[in-house]
Amino acid sequence: LLNDFTKELGPINKTADLLNLKAKYIGKQGPLADVMKNLKDATPEEKRTIGAKANELKQQIEALFSQKMQEIELADINASLEKDKIDISLTDSMLEKGLQAAGYHPVTIIQQEIEDIFISMGFEVLDGPHIEDDYHNFEALNIPATHPARDMQDTFWFADKKHLLRTHTSTIQVRGMKERKPPFRFVGPGKVFRCERTDASHEMVFHQLEGMMVGENVSVGNLIYFMKTLLTEIFKKEVEVRLRPGFFPFVEPGFELDIKCLICGGKGCSVCKQVGWVELLPCGMVHPNVLKAGGIDPEKYNGFAFGLGLDRLVMMRYGIDDIRHLHGADLRFNSQFKSF
Ligand code: PHE
């Protein structure tokens with residue numbers, strides 16, 4: 001019986017066939033089952049020897065069966081891997097035919113660099129939706145419906161008058177606070193949208209990187225330290241910063257952080273419009289109302305927040321004089337930034 005089984009087993013390469021074969025030999029209608037059935041009429045002596053022999057045979061068949069099963073499964077996996085194989089190598093002959101190696105968009109390059117800097121300082125990186133509601137974009141950030149600050153951000157509203165395209169990444173603060181308990185620190189990069197007339201320094205779609213740190217006794221000193229470290233890392237040299245008062249309803253006090261112009265060293269040039277300083281980073285201490293809306297006790301905790309504009313950084317880094325290049329989808333522009 002074992003020989004017959006082994007002979008039939010040999011050519012099998014499908015799971016279904018294998019299962020049938022197993023049923024044929026050791027299933028309920030199989031020869032082994034017959035032997036067991038007939039055993040009831042046998043003498044005790046016969047029962048012992050024949051029963052033991054039958055069991056041994058069954059185990060041998062089962063072992064061969066499992067082994068074969070594994071072989072078939074492995075072969076199936078290998079076959080499907082082989083079938084789905086994609087050759088991702090870019091060969092010289094493909095380049096000659098005009099195919100180009102892909103690269104990152106300059107905004108993505110800067111964004112990833114900044115994320116890495118913040119990760120190394122213990123920050124999480126969060127994401128948030130582009131389509132938001134009034135609550136997350138305004139209300140929870142201490143900008144009630146009648147507040148004049150809403151005019152600062154020309155909003156793309158949806159027809160339902162309830163939803164909008166987020167005008168800043170500060171929306172990420174709101175969910176970030178609700179989902180964690182202090183102390184915490186995170187950044188949230190992404191696209192933002194404003195209904196503005198475009199020109200060399202304004203686009204309807206641009207990029208910000210929001211940052212927030214909340215805990216006990218967070219100070220303006222902490223804020224300046226993190227911002228200075230960030231800018232030094234980005235520009236690969238020590239930068240001088242200064243704070244001016246700035247108004248945003250969600251921070252109190254609020255600041256505009258400027259850096260000493262890296263082009264002229266502060267003497268005055270066209271990039272800094274002759275003032276020697278470039279406005280780069282709006283920031284401030286989180287307003288108590290914003291903490292409350294985020295489920296945080298403002299008596300116990302405080303924090304800082306900032307909203308870094310990524311497009312301007314990219315322009316300063318690469319010497320790009322018109323923001324519209326960034327979304328111009330011109331491959332001649334994009335292909336200059338292949339940096340891996
Ligand atoms: N959300 C503000 C803007 O887009 C920037 C900002 C963020 C200011 C965080 C202060 C703190 O204009």
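Considering all alpha-carbon pairs of segment 1-111, what whole percent are spaced by more than 24 angstrom? Please report the intermediate quantities before stating the final value.
Details: 3395 of 6105 pairs.
Here the tail beyond 24 Å accounts for 56 percent of pairs.
Which order, highest average first, do 307-313, 219-225 follow once you tally other Cβ atoms within 10 Å for each residue and take the mean per peptide? Could you put the intermediate results ahead of the total?
Details: 307-313: 21.6, 219-225: 14.7.
Per-residue Cβ counts within 10 Å, averaged per peptide and sorted highest first, yield 307-313, 219-225.
Counting only residues 5 or more places away or on other chains, whose amide H sits under 5 Å from the amide H of His147 once H atoms are built in the peptide plane?
Placed amide hydrogens put nothing under 5 Å from His147.
Once Lys and Arg get +1 and Asp and Glu get -1 on their Cβ, which of Tyr225, Val125, Gly215 lies farthest toward the positive end of the dipole of segment 103-257?
Final value for the positive-end residue is Gly215.
Considering only DSSP beta bridges where both residues belong to the chain, give the percentage that are antiparallel (nearest 5). Each step should come with its number before you reach the end.
Details: 39 of 41 bridges.
Here the share of antiparallel DSSP bridges comes out near 95 percent.
Once you charge only the Cβ atoms, +1 for Lys and Arg and -1 for Asp and Glu, what is the size of the charge dipole of segment 80-130 about its Cα centre, to the nearest 20 debye?
Values: 3 positive and 10 negative charges, 40 e Å.
With only Lys, Arg, Asp and Glu charged at Cβ, the dipole is about 200 debye.
Probe radius 1.4 Å, ligands and nucleic acids ignored: give me the carbon and sulfur share of the accessible area of the chain as a rounded percent. Working shown, then result.
Working: 10620 of 19600 Å².
Of all accessible area on the chain, carbon and sulfur atoms account for 54 percent.
Remind me, relative contact order of the chain in percent, using alpha carbon pairs under 8 angstrom and six or more residues apart? Walk me through the intermediate numbers first.
Working: 493 pairs, mean separation 53.8, N = 340.
Taking the mean separation of contacting Cα pairs over the length of the chain, I get 16 percent.
Over the chain, with the other protein chains present, what is the accessible area per residue in square angstrom, probe 1.4 angstrom? The partial results should precede the final answer.
On the way: 19600 Å² over 340 residues.
Per residue, the chain has an accessible area of 58 Å².
If you build the convex hull over the alpha carbons only and average its shadow over all orientations, what do you get for segment 141-232? Give it in nm² to one decimal. Please report the intermediate quantities before stating the final value.
On the way: hull surface 32.6 nm².
Its average projected convex-hull area is 8.1 nm².
Principal axis extents for segment 93-159, Cα atoms only, whole Å, descending order, please.
Dimensions of segment 93-159 along the principal axes of its Cα atoms: 63, 37, 18 Å.
Hey, got the Cα dimensions of segment 277-328 along the principal axes, in Å, largest first?
Taking the Cα atoms of segment 277-328, the three principal extents are 46, 26, 12 Å.
For segment 195-331, what is Rg from Cα atoms divided by 2.2 N^0.38 Å, rounded to two decimals? Intermediate results must be reported in sequence, preceding the final value.
Working: Rg = 16.6 Å, N = 137, 2.2 N^0.38 = 14.3 Å.
Computed over Cα atoms of segment 195-331, the ratio equals 1.16.
Rounded to the nearest 500 deg cm²/dmol, what is the calculated helix-only ellipticity per residue at 222 nm for the chain, with -39500 (n - 2.57) per DSSP H run of length n ≥ 4? Spell out each step's value before the answer.
Details: 12 runs with 135 residues, N = 340.
For the chain, the value works out to -12000 deg cm²/dmol.
Report, in debye and to the nearest 20, how large the dipole of the chain comes out about its Cα centre when Lys and Arg carry +1 and Asp and Glu carry -1 on their Cβ. Mind showing how you got there, number by number?
Numbers: 42 positive and 48 negative charges, 77 e Å.
Computed about the Cα centre, the dipole is about 360 debye.
In what sequence, highest mean first, do 318-324, 20-26, 138-144 appear when ranked by Cβ atoms within 10 angstrom?
Values: 318-324: 13.4, 20-26: 17.1, 138-144: 20.9.
Ranking the peptides 318-324, 20-26, 138-144 by packing returns 138-144, 20-26, 318-324.
How many angstrom lie between the C-alpha centres of segment 119-180 and segment 216-278?
24
Let me know the charge dipole size of segment 134-182 about its Cα centre in debye, to the nearest 20, where only the beta-carbon of Lys, Arg (+1) and Asp, Glu (-1) is charged. Mind showing how you got there, number by number?
Values: 8 positive and 6 negative charges, 61 e Å.
With only Lys, Arg, Asp and Glu charged at Cβ, the dipole is about 300 debye.
Quick query: amide H of Leu126 versus all other amide H atoms, modeled in the peptide plane; which residues come in under 5 Å with a sequence gap of 5 or more or a different chain?
Val187, Gly188
If the rule is a partner Cβ under 4.7 Å, which cysteines in the chain fail it?
Cys195, Cys283
Counting alpha carbon pairs within less than 8 Å and at least 6 residues apart, what relative contact order, in whole percent, applies to segment 255-340? Mind dumping the intermediate values first?
Values: 88 pairs, mean separation 17.0, N = 86.
Answer for segment 255-340 is 20 percent.
Tabulate in residue order the Karplus-calculated ³J(HN,Hα) for segment 258-268, using 6.51 cos²θ - 1.76 cosθ + 1.60 with θ = phi - 60°, rounded to whole Hz; enter x for Gly and Pro.
9, 10, 4, 3, 7, 7, 10, x, x, 6, x
For segment 263-302, how big is Rg over Rh, using alpha carbon atoms and the Kirkwood form of Rh?
Values: Rg = 18.2 Å, Rh = 12.9 Å.
Using only Cα positions, Rg/Rh for segment 263-302 is 1.42.
Can you list residues whose amide H is under 5 Å from Gly276's amide H, if they're 5+ apart or on another chain and H is modeled 1.01 Å from N?
Result for Gly276 returns Gly268, Cys269.
Can you give the translational diffusion coefficient of segment 94-203 in µm²/s, computed by Stokes-Einstein from the Kirkwood radius over Cα pairs at 25 °C and 0.890 mPa s? Present the calculation step by step, with values, prior to reporting the outcome.
Numbers: Rh = 16.5 Å.
In µm²/s, the coefficient is 149.
Reported to two decimal places, what Rg/Rh ratio describes the chain when computed on Cα atoms with Rh from the Kirkwood expression?
Numbers: Rg = 34.4 Å, Rh = 25.9 Å.
Using only Cα positions, Rg/Rh for the chain is 1.33.
Just going by the charge dipole of the chain, with Lys and Arg at +1 and Asp and Glu at -1 on Cβ, which of Leu164, Phe333, Leu64 is farthest out on the positive end?
Going by the Cα projections, it comes out as Leu64.
The values are calculated or read from the model by the stated rules, or taken from the named source; none is laboratory data. What you see is a predicted model; the values in this text were computed from it and never measured. Backbone-built Cβ (ideal geometry, glycine too); neighbour counts: all protein chains shown. Just the protein is used for accessible areas: all its heavy atoms, side chains included, with ligands, DNA and RNA removed. Shrake-Rupley method; radii C 1.70, N 1.55, O 1.52, S 1.80 Å.
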